[in-house]
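In what follows, a structure is listed as structure tokens, so that the remarks can point back to it.
The values are calculated or read from the model by the stated rules, or taken from the named source; none is laboratory data. Everything quoted here is computed from the prediction, not taken from an experiment. So basically every Cβ, Gly included, is an ideal-geometry build from the backbone, and we count neighbours across all protein chains shown. When the accessible area is computed, the model is the full protein with side chains, heavy atoms only, and any ligands, DNA or RNA have been set aside. Shrake-Rupley method; radii C 1.70, N 1.55, O 1.52, S 1.80 Å.
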Amino acid sequence: MRLDRLAEEAGLVLESEVAAQVTGFAIDNRKVAPGTVFGAFQGSVANGEDFIPAAIEAGAIAIVARPEAKVEGAIHIADALPRRAFAALAARFFTPVPETVVAVSGTNGKTSCVEMTRQLWRMSGERAASIGTLGVTTPDESISTGLTTPDIVTFLSNMSGLAREGVTHVAYEASSHGLSQHRNEGLGVAAGAFTNFSRDHLDYHTDMEDYFSAKMRLFDEVVGEGGSAVVWTGDEWTDRAADRARKRGLKVFTVGERGDGIRLIERTPTQLGQTLKIEFGGQERTINLPLIGAYQAANALVSAGLVLTTGGSPSAVFDAVARLSPVRGRLERAAITRSGAPVYVDYAHTPDAIEAAIAALRPHVLGRLIVVFGAGGDRDQGKRSEMGKVAAAKADVVIVTDDNPRGEDPATIRAAIMQGATGAREVGGRREAIAAAIADAGADDIVLVAGKGHEQGQIVGTGDTMRVLPFDDVTVARECAAPKSEGT
């Protein structure tokens, strides 16, 4: 594909007409080959502009960078927002793409929503996939792990690869980092969903308004003209998100107790899930959702909204909602202890998410709710005591342990949580903490292990000293709950 034609389609201006053939795109100079377009961006750790000479030496024919960047020996595609320009250019290269693409943003629920949306499409007969924290989940249920929002080259390459495999529908997670860094641009996004908003990632964003503004790029720029915005109603932030979408001219479909798209009339917990009474299109419906918790109901209905706003049949969609499967690491029942207590694993790692997970389990608890959790190192420190405060107020027994300490002292992280967790017990080793909770649980109790969810490792150290130690909460819970062999 010719560089000048790609630039014209992307609305970018080159210094002169260039007939050079583009062979690929890269943001890592080590992945540059002859004919590559290299994106040189300033980052929080490294400056990609420092690697421009190496990229050119490796064969890069063009460099997308700020106007003030020094480029000699290749075409300089200068733009004040080089990440956005690079994404626009790359999107014209990576074709074809799936016909229907939707994106989900919000503090919590993104992973569940994209996976549930994929399931609803699949049960409606579509070849669908999802991209997010769990990786790329394809129509045959195979999963390849990845970041919540991959870099733009990986993201577009994955999209094109899925389309070539016959995938027509894709739901992806749009994180605040990905949105602010233009890591998921260039596609025709038919609908975007906003799940909820609460404190998180303030180690990256300057404050809550900055965090919210990053999320709102979904409605301001990413969703295509004439597209839809599916918003869970419930508080000031979600109301603001809906207003932002209306201002853009998107078709707003609200969901929840005040929803005008899907109105939740009543939610009744059952032994294995919950019964939802909803109103859609002036008609009341009853759905037996096989998942527990208010936030699981919210995720399921937001997902239904995405499918409905992109052409799904209401009867097929609501029938499929009643057949949704649990999402990995999201209130996943991992084991039953020897005493008969169920053990759940959840990804909750913010104060609001901890509270929501506890609230989801509380109706099912006859005895005590025992919660095990920690906090990640090198991340927002201000939420640690708040997480401890919420857990201490809402659970019956709290055990504070390690999460992913990264470059911080684990004991320091635990101490910060303990400041808010009055009456909590501190057990440093995560396996030991899970074992202690399971050993303490009686037949009427429930154990919640929160914070890591689907993750398969524990991150210790940073930079050159970083190690990822194998650790899966689900596996560890099953091992700790397993009957002991005779003589042990």
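Taking Cα pairs under 8 Å and at least six residues apart, what relative contact order does the range 340-467 come out at, in percent? Can you show the working numbers first?
Details: 275 pairs, mean separation 48.9, N = 128.
Normalised by residue count, the contact order of the range 340-467 is 38 percent.
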Counting only protein heavy atoms and a 1.4 Å probe, tell me what percentage of the range 418-474's accessible area is made up of carbon and sulfur.
51
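Tell me what the chain gives for mean residue ellipticity at 222 nm when only DSSP H runs of n ≥ 4 count, each as -39,500 (n - 2.57), the sum divided by the residue total, rounded to 500 deg cm²/dmol. Mind showing how you got there, number by number?
Working: 15 runs with 157 residues, N = 488.
Taken over the chain, the calculation gives -9500 deg cm²/dmol.
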To the nearest 0.05, what FRET efficiency results for Lys277 and Leu81 with a Förster distance of 60 Å applied to their C-beta separation?
0.80
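Looking at the chain, which longest stretch skips every one of the GluC sites (Glu not before Pro) that is in a DSSP loop with at most 15 other Cβ atoms within 10 Å, leaving the sites themselves out? Mind dumping the intermediate values first?
On the way: sites that count: Glu15, Glu17, Glu68, Glu72, Glu99, Glu141, Glu165, Glu257, Glu486.
Longest stretch, sites excluded: 258-485.
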All-pairs Cα distance distribution in the chain, expressed in whole percent, bin size 10 Å
4, 19, 27, 26, 16, 7, 2, 0, 0
Expected unfolding gain across Ala54-Glu165 under the 0.36 nm per residue rule, minus the alpha-carbon gap, is 36.5 nm
With Rg and the Kirkwood Rh both taken from Cα atoms, where does Rg over Rh land for the range 1-130?
1.08
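Could you work out how much longer the chain between Met208 and Met466 gets when fully extended? Use 0.36 nm per residue separation minus the Cα distance between them, nm to one decimal. Spell out each step's value before the answer.
Working: separation 258, 0.36 × 258 = 92.88 nm, distance 2.97 nm.
Value of the extension gain: 89.9 nm.
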Going 7 Å from the Cα of Arg30 in the Cα-to-Cβ direction, what parts of the range 55-76 have a backbone nitrogen less than 15 Å from that spot?
55
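About the Cα centre, and with charges only on the beta carbon of Lys, Arg (+1) and Asp, Glu (-1), how big is the dipole of the chain? Nearest 20 debye, please. Display every interim value, and only then the final one.
Working: 50 positive and 62 negative charges, 191 e Å.
The dipole magnitude comes to about 920 debye.
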Could you work out how far helix 236-248 tilts from the main Cα principal axis of the chain, as a 0 to 90 degree angle to the nearest 10?
30
Accessible area per residue, Å², the chain with all protein chains present, probe 1.4 Å:
41
Loop only by DSSP, 10 or fewer other Cβ within 10 Å of the Cβ. Give me the trypsin sites (Lys or Arg not before Pro) in the range 399-482 that pass, ordered by residue number.
none
Mind giving me the nanometre distance, one decimal, between the label points for Thr95 and Ala393, set 7 Å out from Cα along Cα→Cβ?
5.4
Can you give me the distance in nm between label points at Thr268 and Ser325, each placed 7 Å from the Cα along the Cα-to-Cβ direction?
2.9
Would you tell me the accessible area of His349, worked out with a 1.4 angstrom probe on the heavy atoms of the protein chains, in Å² to the nearest 10?
50
Using a 1.4 angstrom probe on heavy atoms only, work out the carbon and sulfur share of the accessible area of the range 77-191 in %.
48
Relative contact order computed over the chain (Cα-Cα under 8 Å; 6+ residues apart), in percent:
10
Restricting to DSSP loop positions (anything but H, G, I, E, B) with no more than 15 other Cβ atoms inside 10 Å of their own Cβ, which trypsin sites (Lys or Arg not before Pro) remain in the range 253-325?
Arg258, Arg323
